[in-house]
Number of protein chains: 2
Amino acid sequence: MVMVVEKTVGLPQSKQTGTLERMGQRARAASRRLAAFSTDAKNAALLAIAERLEERMATILAANAQDMAGAEARGLSSALLDRLLLTEARVHALAADTRKVAALPDPVGADIESRLLPNGMRLSKRRIPIGVLGVIYEARPNVTIDIAALSLKTGNAVILRGGSETLRSNLALVETIQDALEAVGFPVDAVQYIDSPDRALVTQLLRLDAYVDMIIPRGGAALHKLCREQATIPVITGGIGVCHLFVDESADLVRSLDIIENARVQRPSVCNSCDTVLVHRAVARQFLPMLGERMARCKVEMRAAGEAFALLREHAPGAVVLEAGPDDFDQEWMALILGVKIVDNVEEAIQHIYDHGSEHSDGILTNNIANANRFVEAINSSAVFVNASTRFNDGGQFGLGAEVAVSTQKLHARGPMGLEELTTYKWVCIGNWDVRP
Amino acid sequence: MVMVVEKTVGLPQSKQTGTLERMGQRARAASRRLAAFSTDAKNAALLAIAERLEERMATILAANAQDMAGAEARGLSSALLDRLLLTEARVHALAADTRKVAALPDPVGADIESRLLPNGMRLSKRRIPIGVLGVIYEARPNVTIDIAALSLKTGNAVILRGGSETLRSNLALVETIQDALEAVGFPVDAVQYIDSPDRALVTQLLRLDAYVDMIIPRGGAALHKLCREQATIPVITGGIGVCHLFVDESADLVRSLDIIENARVQRPSVCNSCDTVLVHRAVARQFLPMLGERMARCKVEMRAAGEAFALLREHAPGAVVLEAGPDDFDQEWMALILGVKIVDNVEEAIQHIYDHGSEHSDGILTNNIANANRFVEAINSSAVFVNASTRFNDGGQFGLGAEVAVSTQKLHARGPMGLEELTTYKWVCIGNWDVRP
C-alpha cells in the first residue's frame, strides 16, 4: 500500500505533478477522516504500529541491510553509516517511542480560550489538527516513525520524503505503518511516502498548497533555504544554531567551564551546541587560561579573535588555538571547535550575538541580576539561558514530551516544537439566531 | 524623515536592493530599541501621533486632495474614490482609533506559561514582539495609521507599501507619525514607507528575510498569491472568503432569512459576507420562495443550481435568478449576488463546503444539536457559526479590541488577528549553573 510515484525518466512533467497531486488529494481526504477519531482510537493505532514494528523486525532489518550495503559501496562516512543503521535494539526503541507518544496527552479538541460575548454568543478558540503536513528529511530512518507517530497523535495526515540512502528502510517502515492503520480501520493515506528519487518532486511538494498546510524540513541549511525560497506553503525553518555563551565579569568561572564543556562537547553535531564563547574583559586574563586548559583536555580546537588569541597563546600552552578568520564567528561548527572573543561588557556581547547569532540558543553566565535581566530582555533567540547550558533547548528537556523540530522562525512556533505545535485552532461561535448590528 | 527610495529609472538593480536593504537594517535596529520601551512609553507615542494627526489636518487633507484629483482624472470608480477620500471627520476618526489602541492592554512581556523543571530550572514562554513587519496594502490611507499604531503598540517596527493612488496621503500620514515618534524619543525608523511606485520593490520586500519577520498583505487574491509565491518570509494569507450558510431541515426559516440578509447584504464587499446558501431538500420547497422574495426586496441577484433554479423560477416570481454556471460556487462575489443550492443533508453541505469553500467563515442554521455538532466538527474554517451570521468573524465583534487582518491559513493565527497575533514568544530558562545530564 506504499504510494509509488512513477519513476520520472521519460515521464512528462504533468504526469508527475498529477501523481503528487493525487497523493495530496488522498492526504487531504485522510486528514478529514483522522480529525474525527477519538484520542483512544488514535492511541490504539499507535500501539498497533508499535506492535507491528516488532513483528516485522526481520523484514525491516533486511531492507536496512540493503540500504547499508549500498551506502557502504558509495563510501559514506562511518558517522553517516551509523545514522542509517537499524539494529534489533533500535527497532525496539522505535516501538517504545511510539508507545510513549500514545501515552502523551492529546492536545486536539481543547478550547484554548472561551468567552461569552456581550450579545450572548458563546465563542471558543478550539484546538484542531493542522491538516496535512509535508516533511522532508535526510538520513536517519527513525524520523519516519517519529514524525508519523506525532502526526497521527495530533490527527494530521503526512506526506514524507526521506533521503535516497534510506529508501528501502523507509519503505519497509511506511508499509508497516500502513498495515497497522488498515488493521485498526484508519485511512492508510494518513501516512504516505514519496519514493521517487527525483528531486523535482521536492519542489513540487513545496508548491502543493492546495493540499498541504505546513512543510517541516529536517536537515541542513541548504534544505531550509530551498524550502524557504520554493515553498508556497508555510515552512517551519530552524535547526541552524550559531549559539553563544557569554561569561560575564561576575560569573562563577569554574562552573562556567562545566557549562561550556557541556554545551560544546556533549553532542558537538547538534544545533543547540555552543559555537562561540564571549568573555568579559575584566575576567579574560584569569578565565582564558582555564578555558584553554579545559578545551585542550576535551580535544576542542579554539578559534580566537585578536586579544583572546594572544592571551591563549601566551597563557594556555596546552591549548590548540588558531586566530579566528573573518567568517569564523558566523559558523555553526557541528564539531569540536569553539570561537572565543573578549568583549567589554554585556552590551558588546549582545551586539556580537545580534551580528552573528541565528536566534537559536544563547546564554549568559553571571551573578549580576541587572546584566542577566538586560541579556534576557535584549536577546530574542528561541531560548535564552541564564547560568545553564544551551543544550537544554530541547523538547524532552523542556518537558514537552516530544520534539518534532526546533524552530528559529518567529511565526507559529519557536524553539522545540511538541504536539501542540502540530495543531492550529478554529473559532467556534454558537449564536441564538444572531445578526450583526 | 520619510525614507525616499530612489526612483528606479536608470538605476541598476543592485542600487535599489541596497536601498531596501538599508531600510531593512534600520527597521531591525529600530525594532530592537522598540522592544525595550515600556507600555507607558508606547502609549505616549500613540497619543502623540493622535495629537499630531489633528494638528496637521490641513497638510493631510491637502495631500489627499492631490491624490483625489489624480484618481478622478484617471477615472476611478466612485466606490474607489470614496475609499481614498480623507475628510476632517475621517482624520479625527483616525486619531480616535489611535487613542483606542493606546487604551488596549499590551500583550508584550507576559509569561504565556511558566514551569519549574524537575532539575529546578525556571522555564517561561514569554511573549515578545515579532520584530519587523512588512505590510503591503491597497487603496485606503487609513490602513497606514491603523497598522502603524498596532505595530507600535506591540513593539514591532514596520515597513509599509501602500497603493500608488494614495501615495501623497500616505506620505503625509507617515511624516506625521515620524514627527511624533521623534518628539517622544522613539526611533523614527520604526515606521518606514516605500514610496517608489516600482513594483519590483514589492518582490524585493518579500525576499528581505534577513530583516523582515512577517509579511501581511491587505488586498485581493492576486496580491495574496504574489506574496505566497514570491516571499521567502512567512506570509499571513487570508482575506478571501467564499462563505456559506447551510439552512438545515430544522432551521427556523424566518430567522434564517434575517441571518442570510445580514450576511449577504450588510456589507457586500467584505470577506466575511455570505456567498452561497445551501438549503436542505426537505425545506427547499417552503424556504426558497421566502428566500427569493427577501433577496428580491434586497436587490440581491441569485445564481441557483438546477433544482433550486427551477423552484425559484416557478415559485418566486419577483426574484432575479440565473442558472448557476460551473464556477459560480467558487466565487467570492463581493457584490449583491448569492449562490443557492439544494443539498440532501448536512453531509452533502459539508462536502460542498470542502469542495468550494476557502476556510474563512461558514455556518449552519439548525435546531438539531447532532447536525450542529457534526457541522462544527467537520468544518475547519477560521470561524464556524451555529445560528449566527458569518459577519461576526471580525476582531471587534470577537472582542479582540483591534483587527490587523483576517487569516485563513493554518499557521500562527486564524481568523481575526488582534494584538496578540502581532507577537511571538521566546523561552527563558533560568538555571543554577546547570549542565544537561
Of the residues in segment B:48-61 that are surrounded by 16 or more Cβ atoms within 10 Å (Cβ to Cβ) and among the β-branched types (Val, Ile, Thr), the one that is farthest from residue B:104 (Cα to Cα) is B:60
Among A:370, A:324, the single one that is surrounded by 15 or more Cβ atoms within 10 Å (Cβ to Cβ) and either over 20 Å from the mean Cα position of the chain (by Cα) or at pLDDT below 95 (or both) is A:324
Filtering segment A:257-271 down to residues that are facing another protein chain (nearest Cβ under 8 Å) and over 25 Å from the mean Cα position of the chain (by Cα) yields A:258
The one condition residue B:346 fails out of (1) in contact (Cβ under 8 Å) with a residue 24 or more places away in the chain; (2) within 11 Å of another protein chain (Cβ to nearest Cβ) is (2)
Those residues of segment B:398-415 which are touching a strand residue (DSSP E or B) at 6+ places or on another chain (Cβ under 8 Å), surrounded by fewer than 24 Cβ atoms within 10 Å (Cβ to Cβ) and under 22 Å from residue A:119 (Cβ atoms) amount to B:398, B:399, B:400, B:403
ask   = Hey, any hits in segment A:403-420 for a residue that's of a type in the set (Lys, Arg) and either over 30 Å from residue B:212 (Cβ atoms) or without any contact (Cβ under 8 Å) to a residue 60 or more places away in the chain (or both)?
value = yes
Here, helices (runs of 4 or more DSSP H) confined to segment A:162-269 with at least 1 residues that are not assigned by TED's automatic domain parsing to the domain that holds residue A:26 are A:253-265
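Return the total of residues in segment B:399-420 being within 11 Å of chain A (Cβ to nearest Cβ) and not in a loop (DSSP other than H, G, I, E, B).
The number of residues fulfilling the criteria is 5.
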Any hit, segment A:41-59, residues being farther than 22 Å from residue A:152 by Cβ, within 14 Å of chain B (Cβ to nearest Cβ) and at pLDDT 95 or above
no
**Request:** Please work out if residue A:97 is surrounded by 12 or more Cβ atoms within 10 Å (Cβ to Cβ) and modelled with pLDDT of 95 or more.
**Result:** no
Considering only strands (runs of 3 or more DSSP E) wholly within segment A:93-142, the ones with at least 3 residues that are closer than 28 Å to residue A:220 by Cβ and either of a type in the set (Lys, Arg) or more than 14 Å from chain B (Cβ to nearest Cβ) (or both) are A:132-137
Quick count over segment A:214-231, residues being within 18 Å of the chain's Cα centre (by Cα) and surrounded by fewer than 17 Cβ atoms within 10 Å (Cβ to Cβ), is 5
(1) modelled with pLDDT of 95 or more; (2) buried (at least 23 other Cβ atoms within 10 Å of the Cβ); (3) within 23 Å of the chain's Cα centre (by Cα) all hold for residue A:186 apart from (3)
Residue A:142 vs (1) touching a strand residue (DSSP E or B) at 6+ places or on another chain (Cβ under 6 Å); (2) touching a residue at least 40 places away in the same chain (Cβ under 8 Å): all pass except (1)
- Item | residue B:45 being part of a helix (DSSP H, G or I) and more than 30 Å from residue B:107 (Cα to Cα) | no
Log entry, pairs with first residue in segment A:62-86 being assigned by TED's automatic domain parsing to the domain that holds residue A:142 and loosely packed, with under 12 Cβ neighbours inside 10 Å, second being at pLDDT below 95 and part of a helix (DSSP H, G or I), beta carbons closer than 9 Å, six or more apart or on different chains, reads A:74/A:165
In the set A:304, A:282, A:310, the lone residue that is without any contact (Cβ under 8 Å) to a residue 12 or more places away in the chain, of a type in the set (Gly, Ala, Ser) and in the same structural domain as residue A:337 (by TED's automatic domain parsing) is A:310
Residue A:383 fails exactly one of (1) under 22 Å from residue A:366 (Cα atoms); (2) touching a Lys or Arg at 6+ places or on another chain (Cβ under 8 Å); (3) more than 8 Å from every other protein chain (Cβ to nearest Cβ), namely (3)
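For every residue, the table says whether it meets (1) among the hydroxyl-bearing types (Ser, Thr, Tyr); (2) free of Cβ contacts under 8 Å to residues at least 40 places away in the same chain; (3) farther than 19 Å from residue B:271 by Cα.
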| residue | (1), (2), (3) |
| --- | --- |
| B:355 | no, yes, no |
| B:362 | no, no, no |
| B:366 | yes, no, yes |
| B:374 | no, yes, yes |
| B:382 | yes, no, no |
| B:394 | no, no, no |
| B:397 | no, yes, no |
Counted residues in segment A:232-253 being over 17 Å from the mean Cα position of the chain (by Cα) and either free of Cβ contacts under 8 Å to residues at least 12 places away in the same chain or within 24 Å of residue A:380 (Cβ to Cβ) (or both) come to 8
Those residues of segment A:272-301 that are farther than 20 Å from residue A:358 by Cα and more than 14 Å from every other protein chain (Cβ to nearest Cβ) come to a total of 20
With the first residue restricted to segment B:37-60 and required to be in the same structural domain as residue B:102 (by TED's automatic domain parsing), and the second required to be among the acidic types (Asp, Glu) and outside any helix (DSSP H, G or I), Cβ contacts under 9 Å at 6 or more apart or on different chains are B:38/B:106; B:39/B:106; B:42/B:106; B:43/B:106
The number of residues in segment A:364-381 that are out of contact with any helix residue (DSSP H, G or I) (no Cβ under 7 Å at 6 or more places or on another chain) and of a type in the set (Val, Ile, Thr) is 2
With the first residue restricted to segment A:106-134 and required to be on the phi > 0 side of the Ramachandran plot and surrounded by fewer than 18 Cβ atoms within 10 Å (Cβ to Cβ), and the second required to be in a loop (DSSP other than H, G, I, E, B) and of a type in the set (Gly, Ala, Ser), Cβ contacts under 8 Å at 6 or more apart or on different chains are none
Quick count over segment A:214-240, residues being out of contact with any Ser or Thr (no Cβ under 6 Å at 6 or more places or on another chain) and either more than 10 Å from every other protein chain (Cβ to nearest Cβ) or among the β-branched types (Val, Ile, Thr) (or both), is 15
Sole miss for residue B:6 among (1) more than 18 Å from residue B:196 (Cα to Cα); (2) at pLDDT below 95 is condition (1)
Looking across segment A:189-215 at residues that are farther than 23 Å from residue B:224 by Cβ and among the β-branched types (Val, Ile, Thr), the single one that is modelled with the highest pLDDT is A:191
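The values are calculated or read from the model by the stated rules, or taken from the named source; none is laboratory data. Not measured: the values here are computed from a predicted model. Ideal geometry is used to build each Cβ from the backbone, glycine not excepted, and the neighbour counts take in all protein chains shown.
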